[in-house]
Every structure is written in structure tokens, then in C-alpha cells.
Amino acid sequence: MKVAWPVEIVGTGAYIPERVVTNDDLAHLVDTTNEWIVQRTGIRERRWVAPNEATLALATRASQAALADAGVSAQDLDLIVVATVTPEHLLPATACLLQSALGCRWIPAFDLEAACSGFVWAFSIGAQHLVNGLARTVLVVGAESLSTITDMHDRQTCILFGDGAGAAVLRRSNGGERAILATSMGADGARGKLIYIPAGGSKEPATRRTVDERLHYMRMQGREVYKFAVTQMQAVIEETCRDAGITVGDLALVVPHQSNLRIIESACQRAGLPMDKVAVNIDRYGNTSAASVAVALHEARAERRIKSGDLVMLLAFGAGLTWGSVLLRI
Ligand code: UT7
């Protein structure tokens, strides 16, 4: 959808847990090889949380870094949105715990569950609060401890996912060029079970049996997700550019969800986008779901790959199935 929202990113931050897990480490857990993983996914290593570490700790570190980068005090925040599929607890929202950990006022804070699209959706919804005047400063976070919901006996998923967090502080831009030019959010619930966790929700509460049968871990039909992801990401790139009245060639950088290097390469190639205009860090972190666009955005800013006036697209798809984009003039 074409929009003209005077919103800018004033700071970003990321936190990746210290424990590095290489492909060779995983080859000790399941029947796989470094070569297979690199060739099929582009992943060389990922990070896992320590036993005493979880999503709130990652989110807090990333948020503190983003606030410091923005030169904004936690007291100045008016809204927190945390995108995650691995909340600290099922109840209450991780965003509320983060509000307290950061030392904020009693501001609204909620979690958003759109799986890997979560950060892009949180960004769009946070921006809407700025535009409609409900907030002056917004913190949007993507944070995941996917290693806690990944079945380490399942070679299709355990090689793919990693842990991490990224955050961005958003504000209204004062006049000038900085703005969101287009944004999209979509979902196809009919394909909800392509990636899901069978038990632990209200349909099948956790019991000894569900745990014994490993039903509290993520299940994925990888090949189906792969096919959908390539065509949908290409369509979203093209549609978002069309909405904004620009061409794909005008983009300075696309920051896609780090799902699988082959998915990113195929979608971008089909859309006519050269890979030197695409932020990629999947080799180091794997697929970190809602954290992935947030971390890649922070790294792109930190590496000065984004300059004032650039057209930058945040792009994601994920379980739900969901997808989304935000096109910014920086
Ligand atoms: O964040 C959004 C959610 N998820 C995704 O975006 C994931 C999308 N899907 C994918 O990334 C890919 O489908 C995978 C990486 C999960 C799998 O890659 P693939 O190229 O689609 O492989 P495949 O499932 O078609 O399997 C090919 C072969 C199979 O063996 P056979 O049946 O040909 O003998 C698998 O059993 O590779 C086998 N295989 C493995 N071999 C070694 C599957 N996983 C592994 C593994 N190591 N880890």
C-alpha cells in the first residue's frame, strides 16, 4: 500500500548470544554434513542462548544498544512492540517484561506474533502509532531463542535456526525527505500448518505424552515453505516498489528475512535485484525468525551501507503463512 508516513529510524541495536554452534557441531547431533548445510542453506554457523539466557535477556541487550545509538532514554519511550515466537513466558507478554527491564514509564507494551514477518509488522504498526499521534518515540524489537523450540533430532530444522535479537527506535521525522513510502502485510492461514508447534497451546496442552512425543517442538514442511517463499518474496518486492512509484532498480538496499540463502538469491534474481544490494548475514546467524531483519538492518547501518536519501526495503515472510514489507526513504 502506498503511504507517506513521516517516520525515521533514529537508532538500531542487536545482541547475538555468545555460544557459536558450527555445522560440524550439528553433524555430531544428526545425520548431516557441513557441505550439505552450506550448499542448501548458506549457513556456516549460528548462535544459541546459554542455559540461563532467554528471549528477554537478548531483547533487553538489543534494546539498550538501540536506545544508546539513538541517544534516547528509556523514559522517553511511548510504546514497545516485541515480535517473537519464543516469548520469555507464554504469559505475560515479553514486551511488558522488557518495559520493566529497561526502566520505562507505564507505557503500552505488547507482543506481536507473525513469526519471521514479526519485526516488519511491528515496524509498520509502530510507525502507525507515530503517524496517528499516539506516540512520539517507539521501540520495535525482534527477539528469538529458537533453539528452545527446535527439535535437535530433526535434521531439517535444527540446522536452520538460531537465536538473537535486534531493535530499532522510531520517531516522526521533522519535514525533510525521511519517510515510509509503502508498506504491506499479508497472511494465508490455510497454510498455517506448514510450520507449527503441535502441542503446548490450548488445543493440546503440554502433558507427559506430548513431551515424550516431542510435540512441543517446531514442525516444518520445508520444501513447500521454500516454494511459497521464493514466489511471494519476489511478488512483494515488485508490488511494494510499484506502490511507492519506484522501480526495483531504484532500491539502494533490501534487508530480507534470513530464511535460506537460496530463497533470498532466487527471489531477488527473479525481481531483478543484484545481490550486492541485499543484506545477508545468514552465514553467521542462521534463520533467527523475527530477529533476522532487525539484526541485518542494524548491521547494515553499522557498516554504513545505508546513506541519507537511500531507498531501503525491509522484507519478510514466515509461518502463518505471513509476509510483509516496509519501504523507507532514509
Ligand atoms: O523462516 C521461514 C521458515 N522456514 C524456511 O524458510 C525454510 C524453507 N525451506 C528450506 O530452507 C529448505 O527446504 C530446507 C533447507 C529445510 C531443506 O532443503 P531442500 O533443498 O528443500 O531439501 P529437501 O527437503 O528437498 O531434502 C533433500 C534431501 C532429502 O533426502 P532424499 O529424500 O533426497 O534422500 C532430505 O532427507 O536432503 C535430505 N536432508 C538432509 N540431508 C543432510 C534434509 N535435511 C538434511 C540435512 N542434512 N540437514
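Name the residue, out of R219, R301, R223, that is more than 15 Å from the chain's Cα centre (by Cα), surrounded by 16 or more Cβ atoms within 10 Å (Cβ to Cβ) and closer than 25 Å to D151 by Cα.
Numbers: R301 fails: closer than 25 Å to D151 by Cα; R223 fails: surrounded by 16 or more Cβ atoms within 10 Å (Cβ to Cβ).
Only one candidate qualifies: R219.
Only residues that are touching a strand residue (DSSP E or B) at 6+ places or on another chain (Cβ under 6 Å) and outside any helix (DSSP H, G or I): list them for region 247-257, please.
Within region 247-257, L251, A252, L253, V254, V255, P256, H257 qualify.
Return the residue satisfying two criteria in turn: it lies in region 138-156 and is surrounded by fewer than 24 Cβ atoms within 10 Å (Cβ to Cβ) and touching an Asp or Glu at 6+ places or on another chain (Cβ under 7 Å), and of such residues it is farthest from A62 (Cα to Cα).
Filtering region 138-156 for residues that are surrounded by fewer than 24 Cβ atoms within 10 Å (Cβ to Cβ) and touching an Asp or Glu at 6+ places or on another chain (Cβ under 7 Å), the one farthest from A62 (Cα to Cα) comes out as R155.
Return the residue satisfying two criteria in turn: it lies in region 270-318 and is within 24 Å of R191 (Cβ to Cβ), assigned to a helix (DSSP H, G or I) and of a type outside the set (D, E, K, R), and of such residues it is farthest from the ligand (Cβ to nearest atom).
Applying the filter and picking the extreme gives A271.
Please work out if V211 is surrounded by fewer than 24 Cβ atoms within 10 Å (Cβ to Cβ), within 12 Å of the ligand (Cβ to nearest atom), of a type in the set (A, V, I, L, M) and not in a loop (DSSP other than H, G, I, E, B).
Taking the combined requirement at face value, the residue does not satisfy it.
Report every pair of residues separated by at least 6 positions or lying on different chains whose Cβ atoms are under 6 Å apart, first residue within region 91-112 and closer than 22 Å to A319 by Cβ, second of a type in the set (D, E, K, R).
Partner pairs satisfying both residue conditions: A93/D111; T94/E88; T94/D111; A95/D111.
Within the group T157, T137, which residue is touching a strand residue (DSSP E or B) at 6+ places or on another chain (Cβ under 6 Å), of a type in the set (S, T, N, Q) and within 16 Å of the ligand (Cβ to nearest atom)? Explain how you work it out, then say what you get.
On the way: T137 fails: within 16 Å of the ligand (Cβ to nearest atom).
None of the others qualify; the one that does is T157.
Output yes when any residue across region 191-207 is surrounded by 16 or more Cβ atoms within 10 Å (Cβ to Cβ), touching a Cys at 6+ places or on another chain (Cβ under 9 Å) and assigned to a helix (DSSP H, G or I), and no when none is.
Checked region 191-207: no residue is surrounded by 16 or more Cβ atoms within 10 Å (Cβ to Cβ), touching a Cys at 6+ places or on another chain (Cβ under 9 Å) and assigned to a helix (DSSP H, G or I).
Which count do you get for residues in region 25-45 that are within 15 Å of G162 (Cα to Cα) and near the ligand (Cβ under 10 Å from one of its atoms)?
Here the count works out to 5.
Taken together, the values in this text are just the output of simple stated rules run on the coordinates, not laboratory data. Quick caveat, the model's predicted, so the values are computed rather than measured. FYI the Cβ positions are ideal-geometry reconstructions off the backbone, even for glycines, and counts take in every protein chain you see.
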